[in-house]
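Worksheet: one structure, shown below.
The values are calculated or read from the model by the stated rules, or taken from the named source; none is laboratory data. This structure is a prediction, so every number in the text was calculated from the model and none was measured. Neighbour counts run over all protein chains shown; Cβ positions are idealised from the backbone, glycine included.
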Amino acid sequence: MLNFTFYNPTKIIFGKERIRDIAGEIPKGSKILVTYGGGSIKRNGVFDEVKTALQDYELMEFGGIEPNPTYETLMQCVDIVRKNKIDFLLAVGGGSVIDGTKFIAAAAMYEGEPWEIVKTFGKKVKSSIPFGTVLTLPASGSEMNNGAVITHRALNAKLPFVHPSLFPRFSVLDPTKTYTLPPGQIGNGVVDTFVHVVEQYLTYPVNGKLQDRFAEGLLLTLIEDGPKALAEPKNYDVRANLMWCATLGLNGLISAGVPQDWATHMIGHELTALRGLDHAKTLAVVLPAMLKIRSQDKKEKLLQYAERVWGITTGDDNSRIDAAIGKTRHFFESMQVATRLCDYNISADIIPAVVEQLKAHGMIKLGEKRDVTPELVEAIMKECL
Ligand code: NZQ
Ligand code: ZN
């Protein structure tokens, strides 16, 4: 096992009707700005529940944070926060709203040009406005981590950043609030969570027995309950399991002490920046190709994955690995998330653009061994067509 430091201060408030408990988590007299997306919370009653819970507070709201939140939209909110001396933010929505709110929380306190926060991977952040979240889409894990991914439309860039001050103070996870999710977003959520786990598990062995079994437990639960969420959208326990999977999938627990990959995610972000493809759809396309091209580097973990997650124990090493990659692709498609670029009307001409963008963003040594070069990315992308 590798050395590690594990720190996560976020309080998780889980279950039915827990939105009402947020008042107890926010300092009395706070001036709160509620941030949200395109209006799903206005349509499904979540906004009204939040307003009722915070009736003793001075409240303002900022809506319109788009999927893959943009610097351009978020800077409008930074102005409002500064002008109105907002001292607490409440993000109500999915990963885009929460990530966007993390950027607002840091940018509002930043004296320089806020895009520098993202460009320097959060290194220039000194402090941020405290915030909490009410999660409505289980996928990103943003509700219990200190990272965010922000898009700069004018620069055609989508980049991640992290900072210790950007852990939510609390996050409300009420599975009933996910009942209004369309099937496409249910599928996205399961696939994103699945790939988060794989990025922290399908690397090389360091005898992290617990981390491996945690990861396998998360993957087995997604495989079992993912399809059920499409078939029975109002099955509370199924939605509860998926929600807790998504949070535990990227809160730092399963990556403590083991190697991490993230090459699939970095390529995915470029595909979204270039073509606006949903985050999870980019991952469903890139991961099977990534595993195929790098199967020798990941051999031991792929064989363990084949056996423990998919019950594949017969055939030679390569056929077991191919079978496990096939099962993974089939699982994504069973969640109604297609796995080839052609399914999204994207052709081979995207490949040089992705490679150029990665180079421009300094992402030329990706993966757990920092050996995923632009040349290898080209080979991987050719497998995605
Ligand atoms: O904007 P509204 O109207 O709320 O609609 C949203 C949006 O259109 C809708 N939605 C959310 N909850 C709903 C709902 N519709 C009905 N009922 C509900 N309960 O779903 C759409 C997608 O929402 P979004 O927040 O974009 O999805 P997701 O949670 O998948 O977040 C994606 C973003 O997270 C980033 C991605 O890059 C992407 O920008 N990620 C953040 C990470 C992190 N912070 O650690 C890691 C991830 O790998 C990922 O990169
Ligand atoms: Zn992701």
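Here is a check on your reading of the model: is L376 under 22 Å from the mean Cα position of the chain (by Cα) and within 16 Å of T264 (Cβ to Cβ)?
No; evaluated as a whole, the condition is false for this residue.
Considering each residue of region 239-283, count those that are more than 14 Å from ligand 2 (Cβ to nearest atom), charged (D, E, K, R) and closer than 30 Å to I13 by Cα, and give that number.
1
What's the total number of residues in region 172-228 that are farther than 30 Å from G24 by Cα, touching a Pro at 6+ places or on another chain (Cβ under 7 Å) and surrounded by fewer than 18 Cβ atoms within 10 Å (Cβ to Cβ)?
2
Residue-by-condition table, conditions (1) more than 19 Å from E66 (Cβ to Cβ); (2) modelled with pLDDT under 95; (3) within 13 Å of ligand 1 (Cβ to nearest atom):
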residue: I104; (1), (2), (3): no, no, no
residue: A108; (1), (2), (3): yes, no, no
residue: G112; (1), (2), (3): yes, no, no
residue: K124; (1), (2), (3): yes, no, no
residue: V134; (1), (2), (3): no, no, yes
residue: P138; (1), (2), (3): yes, no, yes
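Looking at region 121-139, which of the residues that are more than 16 Å from K11 (Cα to Cα) and in contact with a Ser or Thr (Cβ under 7 Å, 6 or more places away or on another chain) is surrounded by the most Cβ atoms within 10 Å (Cβ to Cβ)? First the steps, then the outcome.
Going residue by residue through region 121-139, those that are more than 16 Å from K11 (Cα to Cα) are 121-129, 136-139.
Checking the rest, the ones that are also in contact with a Ser or Thr (Cβ under 7 Å, 6 or more places away or on another chain) come to 125, 127-128, 136-139.
On the way: V125: 22, S127: 12, S128: 25, T136: 26, L137: 27, P138: 31, A139: 29.
That would be P138.
Picking from V285, V337, which residue would you name as being among the β-branched types (V, I, T), in contact with a Gly (Cβ under 6 Å, 6 or more places away or on another chain) and more than 29 Å from E116 (Cα to Cα)?
Only one candidate passes the filter, namely V337.
Check every one of the helices (runs of 4 or more DSSP H) wholly within region 196-307 and list those with 2 or more residues that are among the acidic types (D, E) and touching a residue at least 24 places away in the same chain (Cβ under 8 Å).
Values: elements: 209-231, 236-248, 263-275, 279-293.
In region 196-307, 209-231 are the helices (runs of 4 or more DSSP H) which contain 2 or more residues that are among the acidic types (D, E) and touching a residue at least 24 places away in the same chain (Cβ under 8 Å).
Which of the residues spanning region 172-197 are within 11 Å of ligand 1 (Cβ to nearest atom) and under 15 Å from the mean Cα position of the chain (by Cα)?
Correct list: Q185, I186, G187, N188, G189, V190, V191, D192, T193, V195, H196.
What pairs come out if I take residues in region 343-359 that are in contact (Cβ under 8 Å) with a residue 24 or more places away in the chain and pair them with residues that are basic (K, R) whose C-beta lies under 8 Å away, six or more apart or interchain?
Here the result reads Y344/R275; Y344/K281; I346/R275; A348/K382; I350/R275; I351/K382, each pair linking region 343-359 to a residue that is basic (K, R).
Take region 15-53 and flag every residue that is surrounded by fewer than 19 Cβ atoms within 10 Å (Cβ to Cβ) and over 18 Å from T178 (Cα atoms).
Result: D21, A23, G24, E25, P27, K28, G29, S30, K31, K51, T52.
Can you name the condition, by its number, that T133 falls short on among (1) part of a helix (DSSP H, G or I); (2) under 18 Å from the mean Cα position of the chain (by Cα)?
Single failed check for T133: (1).
Is there any pair linking a residue in region 64-78 that is farther than 20 Å from A139 by Cβ and free of Cβ contacts under 8 Å to residues at least 60 places away in the same chain to one that is in a strand (DSSP E or B) and not hydroxyl-bearing (S, T, Y), with Cβ under 7 Å and at least six apart or on different chains, and which?
Qualifying pairs under 7 Å: C77/F62.
Please go through region 160-195 and pick out each residue that is of a type in the set (F, W, Y) and within 16 Å of ligand 2 (Cβ to nearest atom).
F161, F194, listed by residue number.
Only one of I351, I321, I312 is part of a helix (DSSP H, G or I) and either closer than 26 Å to P205 by Cβ or at pLDDT below 95 (or both); which?
Of the residues listed, the single one that is part of a helix (DSSP H, G or I) and either closer than 26 Å to P205 by Cβ or at pLDDT below 95 (or both) is I321.
All but one of (1) surrounded by fewer than 21 Cβ atoms within 10 Å (Cβ to Cβ); (2) touching a Cys at 6+ places or on another chain (Cβ under 7 Å) hold for R82; which doesn't?
The failed condition is (2).
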